[in-house]
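**Student:** Below is the structure I would like to discuss, written out as structure tokens.
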Amino acid sequence: MSAIAIIPARGGSKRIERKNIKDFNGKPIIAYTIQAALDSKLFDEVMVSTDDKEIAEVAKKYDASIPFMRSAANANDHATLADVLLEVMAEYKKNGKEFDTVCCILPTAALITQQRLKEGRKQLDSNSHTAIVPVLRFSYPIQRALRDDNGVLVLREKEHADTRSQDLEPFFHDSGQFYWIKTPALLQEKTLFTKQMGYIELKETEAQDVDTMLDWEMLKLKYEHLNTH
């Protein structure tokens with residue numbers, strides 16, 4: 001089946017200025033995502049969706065495709081990833097190109113590997129799932145979450161106050177790396193989190209969300225760990 005990698009990289013990052021092309025160990029961070037996608041040989045097209053000319057030039061330098069620029073409507077703080085993907089697919093369709101599967105890869109996912117991308121694609125092809133997402137396990141049981149009740153901390157789920165941790169159901173959160181999705185599901189459900197979503201569980205060292213400079217430093221530490229062990 002044909003596949004496209006879409007890397008969404010708008011120019012208006014707020015908390016870390018120019019985050020998507022910020023230098024990370026000698027090259028723009030988006031280069032790691034582009035290279036992993038290209039090296040995997042999984043995609044008929046690896047493209048970057050951006051509203052920013054500088055990001056577009058950087059992406060082209062690392063051999064990503066920029067067939068069109070992102071619209072202003074999908075370059076603001078309120079546009080979702082699904083909005084961006086749907087716009088890209090619509091633009092390709094206008095130009096006579098359609099793809100069976102889509103992989104949205106985040107531009108700051110410097111820890112991504114082609115092996116994990118291949119694992120996701122294999123799962124998508126081999127079962128009834130309409131999407132695959134890499135996840136991380138919550139390090140502490142969320143059943144023991146505390147909430148503020150008028151200034152007093154109370155257990156959110158009191159029935160689990162004395163339950164052993166190993167007896168509690170594990171929960172996961174999105175790792176913020178990539179999302180494989182079958183095109184019909186994307187077009188119909190208009191979300192990356194489809195009704196029949198499967199997952200790959202990553203180790204804590206394999207992913208890092210990047211919203212603050214502390215996150216950025218943690219990403220560097222994990223990158224060094226993965227590339228020296």
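The values are calculated or read from the model by the stated rules, or taken from the named source; none is laboratory data. As the structure is a computational prediction, the values presented were derived from the model and not from experiment. We place every Cβ from the backbone using ideal geometry, glycine too, and count neighbours over all the protein chains shown.
**Student:** Specify the residue that is surrounded by the most Cβ atoms within 10 Å (Cβ to Cβ); the eligible residues are those in the range 160-181 that are of a type in the set (A, V, I, L, M, F, W, C) and assigned to a strand (DSSP E or B).
**Tutor:** Ranking the qualifying residues of the range 160-181, first place goes to Trp180.
**Student:** Are any residues in the range 98-148 among the basic types (Lys, Arg), farther than 13 Å from Phe178 by Cα and touching a residue at least 60 places away in the same chain (Cβ under 8 Å), and if so, which ones?
**Tutor:** Initially, the range 98-148 is screened for residues among the basic types (Lys, Arg), giving 116, 118, 121-122, 137, 144, 147.
In the following step, the residues that additionally are farther than 13 Å from Phe178 by Cα were identified as 122, 137, 144, 147.
Correct list: Arg137 only.
**Student:** Just give me the residues in the range 66-97 being closer than 20 Å to Tyr179 by Cα, loosely packed, with under 14 Cβ neighbours inside 10 Å and of a type in the set (S, T, N, Q), in sequence order.
**Tutor:** Thr80, the sole residue that qualifies.
**Student:** Might you check whether a residue that is outside any strand (DSSP E or B), on the phi > 0 side of the Ramachandran plot, touching a residue at least 12 places away in the same chain (Cβ under 8 Å) and not β-branched (Val, Ile, Thr) occurs anywhere in the range 76-85?
**Tutor:** No: the range 76-85 contains no residue that is outside any strand (DSSP E or B), on the phi > 0 side of the Ramachandran plot, touching a residue at least 12 places away in the same chain (Cβ under 8 Å) and not β-branched (Val, Ile, Thr).
A quick yes/no check of all residues on (1) modelled with pLDDT under 95; (2) polar (S, T, N, Q); (3) at negative phi:
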| residue | (1), (2), (3) |
| --- | --- |
| Arg121 | no, no, yes |
| Leu124 | no, no, yes |
| Thr130 | no, yes, yes |
| Val135 | no, no, yes |
| Tyr140 | yes, no, yes |
| Ala145 | yes, no, yes |
| Ala161 | yes, no, yes |
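**Student:** Of the residues Ile55, Ile16, which single one is at pLDDT below 95, among the β-branched types (Val, Ile, Thr) and farther than 19 Å from Arg116 by Cβ?
**Tutor:** One residue alone meets the criteria, Ile16.
**Student:** What about Ala73, is it in a helix (DSSP H, G or I), at pLDDT 95 or above and farther than 22 Å from Asn227 by Cα?
**Tutor:** Criteria not met by Ala73.
**Student:** Please name all residue pairs, on different chains or six or more residues apart, with Cβ atoms under 9 Å, provided the first residue is in the range 1-29 and is free of Cβ contacts under 8 Å to residues at least 24 places away in the same chain and under 22 Å from Ala75 (Cα atoms) and the second residue is among the polar types (S, T, N, Q) and in a helix (DSSP H, G or I).
**Tutor:** Ser13/Asn20
**Student:** Sticking with this one: Among the residues that make up the range 182-198, is at least one of them touching a residue at least 60 places away in the same chain (Cβ under 8 Å), touching a His at 6+ places or on another chain (Cβ under 7 Å) and outside any loop (DSSP other than H, G, I, E, B)? It would help to see each step written out before you state the result.
**Tutor:** Of all residues in the range 182-198, those touching a residue at least 60 places away in the same chain (Cβ under 8 Å) come to 182-183, 186-187, 190-198.
Among the residues that remain, those that are also touching a His at 6+ places or on another chain (Cβ under 7 Å) are: 196-198.
Filter once more, so that each one left must be outside any loop (DSSP other than H, G, I, E, B): 197-198.
Yes, some residue in the range 182-198 is touching a residue at least 60 places away in the same chain (Cβ under 8 Å), touching a His at 6+ places or on another chain (Cβ under 7 Å) and outside any loop (DSSP other than H, G, I, E, B).
**Student:** Still on this structure, I have one more. If I go through the range 1-13 residue by residue, how many of them are buried (at least 17 other Cβ atoms within 10 Å of the Cβ), among the small types (Gly, Ala, Ser) and at pLDDT 95 or above?
**Tutor:** Residues of the range 1-13 buried (at least 17 other Cβ atoms within 10 Å of the Cβ): 3-11, 13.
Going one step further and asking which of them are among the small types (Gly, Ala, Ser), we end up with 3, 5, 9, 11, 13.
Those still in the list that are at pLDDT 95 or above too: 3, 5, 9.
Qualifying residue count for the region: 3.
**Student:** Any idea how many residues of the range 32-64 are crowded, with 16+ Cβ neighbours inside 10 Å, farther than 18 Å from Ala109 by Cβ and without any contact (Cβ under 8 Å) to a residue 40 or more places away in the chain?
**Tutor:** 1
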